[in-house]
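Heads up: the structure comes next, in structure tokens.
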Amino acid sequence: MKRIIPGVILILTVSLLSAQIPSGDDILRRLDANTVSDSRISVGKMIIHGRRSSRTVEAKSWVRGTEQSFTEYLAPARERGTKMLKLDDQLWTYSPSTDRTILIAGHMLRQSVMGSDLSYEDFMEEPLLHRLYSAKVVGEDTVLDRSCWVLDLKAVKDDVSYASRKIWVDKERDLALKEERFAKGGKLLKTTEVKSVKRIQNRWVADLVIFKDALKQGRGTEFTLDSIDFEANIPETIFTKASLRK
Amino acid sequence: MRDRSRSLLPILVTTIGVMLTVFMFCYINGAETDIIEGNAKFSTGHVKIMSRAYAEEEDQVPNDLAYIGIEELMGQLKADYPQYVWTPRIRFGGLLDIPDERGETRSQGPVMGMAVDLLNDSSFESDLLNLDDALIRGRIPANPGEILISDEFARQLGLALGETATLVGSTMYGSMTTANFSVVGTIRFGVPAMDRGAMIADISDIQTVMDMPDTAGEILGFARDFIYRREETAESATIFNARYSGTDDEFAPIMVSLHEQNELEQMLELYGSITGVALVIFVIVMSIVLWNAGLMGSLRRYGEIGLRLAIGEPKGHLYRTLIAESLMVGCVGSVLGTALGLGFSYYLQAKGINITTMMQNASMIMSGIIRARVTPASYVIGFIPGLAAAVLGTSISGIGIFRRRTAQLIKELET
């Protein structure tokens, strides 16, 4: 009897503890629910740090669901008027200097967007992570003074850009504060670090993020969010190729 | 000469060996020259100047690290290194997109571009790249906004001459850039690595498109007679780099010679070694064969040698006459072998062997047609194994002369 009681206590303790740890997939679904909305309009800046100089690119984006997005570059002068349209799995770009609508495909998808650490592939990726990865909680950590779950994500599809990821998710706010993305062989390809967050329309959003291509020298690309409007009313016509030339 | 068995086999062996040596020497010479010229023309120059930062990541063609201020630098180079002619180049990658009637993508493909000084009257680039010979259809660009693309690429894109092609690429600061060009001609260099998806444009156009005024990724230098001399270029690079050794500026210029680029040093040393090893192998193999021939000759001439020794001819004298005889055989074999080897080599120099199908995916800059190259050295190289093997073979087989005893000779002659 003396031996049984500690055993029972141990089993109960472990059961209680494990009951408090949500499953990785649940955390991932909550993260997706916080990040992805039916529609949104945002204005933000990308500060791209090169070896010679830094430059700032400003853009406005209209997003509907996970399949449609439209981005117009506002500054600097060289970029102004350039537009990008994502329609399902196709990415089109419009350049006012040549008055051309060009499909970005093949190896071009792996190129950097406007010289940033982000590739067109990153831009095209399915934003709902739970559709692409299975998640497992592998620990707890503190990021930005916030208690986080550490998740290991393994791809459940073959055609994803990153075979695995490690994400630090704020336990209360369901927001990813840090991320590492890996190739199939385990090589670190990209890192993301959130530097500041704010609450907008009952959602927590990152308004300053450092995105870094681990294979490139440099300080990475800073993304700042100037404004965001969730569940915005967006006209259907904006997600058409015709709107690129307007 | 009256006794054919004495000279025919050694002459035949020497002729074949010398012929193979000469042919192999010319073949390796041709391949080596082809690699040097191909790389110099398309990639390395005899010397190349880049910024230090660009040189570190040269394989990735990092135009964001290109050298700014080429006009001043080229003026300085022309004054300090008059033995070279200089030309700026920009290599770039991107997408070449062909529009349909609505201006939307009809076809597209990845392109590896080279911007060269095409429109300047004093430029030698068109001749250097043999654009006239490489032209398959159309003409060489004569105006801004005109480009050449590889013929195979044009066919893949379904592009007709005079049509517009849009280059989608990046400026040196990373912005996406697009520019419309008119395709006025198609080319084929015969270098598979260049012919897959090449685009040749004028450097001024690309400087504008890529936001690179007074900037180039590379400045190539060529000896005025366009003959590459390794020691001279290495010395020029040492002197040039010493001038900038005191600065930590990662954008300071650095000069590298052809041998220091594209892993050419190892490759060319390998070719040199192959020539040396082939010569040694031929000398050894032919010596063994000629030694055997000498032994057989000694057996056939057993009586003759015995008689000459019996009538008092000194062994040393007899040995020397055999060596002299082999020298004559070596000379005749070498002349015949060299003539035959040169004949085959001249044929291969003119016709070449087409290995394009074996180089479909090759990234090395090397012609798809391998040609031999006959040089003044080709006329004499065969005499080294020809004479050495004949003399060595006879020297070894002739040692038997010194083993024969005079007392026994009389008995042998009586029987």
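Bear in mind that the values in this text are calculations on the coordinates, not laboratory data. Bear in mind the structure is a predicted one, so any value in this text is a computation, not a measurement. For neighbour counting, all protein chains shown are included, and Cβ atoms are generated from backbone atoms with ideal geometry for every residue, glycine included.
Worth a mention:
- By other beta-carbon atoms within 10 Å, ranking A:Asp159, A:Asp99 with the fewest at the front produces A:Asp159, A:Asp99.
- Simple label model, 7 Å out from Cα along Cβ direction - A:Ala77 to B:Glu250, nm: 2.9
- Across the range A:23-244, C-alpha contacts under 8 Å between residues 6 or more apart give a mean separation that, scaled by the residue count, equals a relative contact order of 22 percent.
- Aspartates and glutamates whose Cα lies under 19 Å from that of A:Lys171, excluding same-chain neighbours fewer than 8 positions away: A:Asp25, A:Asp26, A:Asp32, A:Glu140, A:Asp141, A:Asp145, A:Asp152, A:Glu179, A:Glu180, A:Glu193, A:Asp207
- A:Arg40 sits among other residues whose Cβ lies under 9 Å from its own Cβ, and their net charge, with Lys and Arg +1 and Asp and Glu -1, is -2.
- Between the Cα long axis of helix B:264-300 and the first principal axis of chain B there is an angle of about 20°, rounded to the nearest 10.
- Local electrostatic count at B:Ser345 - Lys and Arg +1, Asp and Glu -1, tallied over other residues with Cβ under 10 Å: +2
- Spin-label model, A:Ser134/B:Ile369: points 7 Å from Cα along the beta carbon direction are separated by 5.9 nm.
- Chain A: angle of helix A:4-20 to the longest principal axis, Cα-based, in degrees nearest 10: 20
- For chain B, built as a Gaussian network whose Cα springs stay under 10 Å, the top-fluctuating residue of B:Pro376, B:Pro144, B:Pro88: B:Pro376
- By the count of other C-beta atoms within 10 Å, a proxy for reagent exposure, A:His130, B:His317, B:His46 are ordered fewest to most as B:His317, A:His130, B:His46.
- Gaussian network model of chain A, Cα within-10 Å springs - most flexible of A:Thr191, A:Thr98, A:Thr56: A:Thr98
- Between the helical axis of B:4-39 and the longest alpha-carbon principal axis of chain B there is an angle of about 10 degrees.
- Between A:Ser54, A:Ser196, A:Ser95, the Gaussian network model of chain A with springs among Cα atoms under 10 angstrom shows the greatest mean-square fluctuation at A:Ser54.
- Inter-label distance, B:Ala79 to A:Thr237: 6.3 nm, where each label sits 7 Å from its Cα along the C-beta direction.
- Average beta carbon contacts from partner chains per residue of A:92-103, 10 Å cutoff: 6
- Only DSSP H runs of four or more residues enter the estimate; each adds -39500 (n - 2.57), and after division by the residues of chain B the mean residue ellipticity at 222 nm equals -15500 deg cm²/dmol.
- Remark: chain A carries a charge dipole of roughly 620 debye about the Cα centre, counting +1 on each Lys and Arg Cβ and -1 on each Asp and Glu Cβ.
- The GluC sites (Glu not before Pro) of the range A:139-246 meeting both criteria, a DSSP state outside H, G, I, E and B (loop) and at most 13 other C-beta atoms within 10 angstrom of the site's C-beta, are A:Glu172, A:Glu231.
- Computed [θ] at 222 nm, deg cm²/dmol, chain A (DSSP H ≥ 4; -39,500 (n - 2.57); rounded to nearest 500): -4500 deg cm²/dmol
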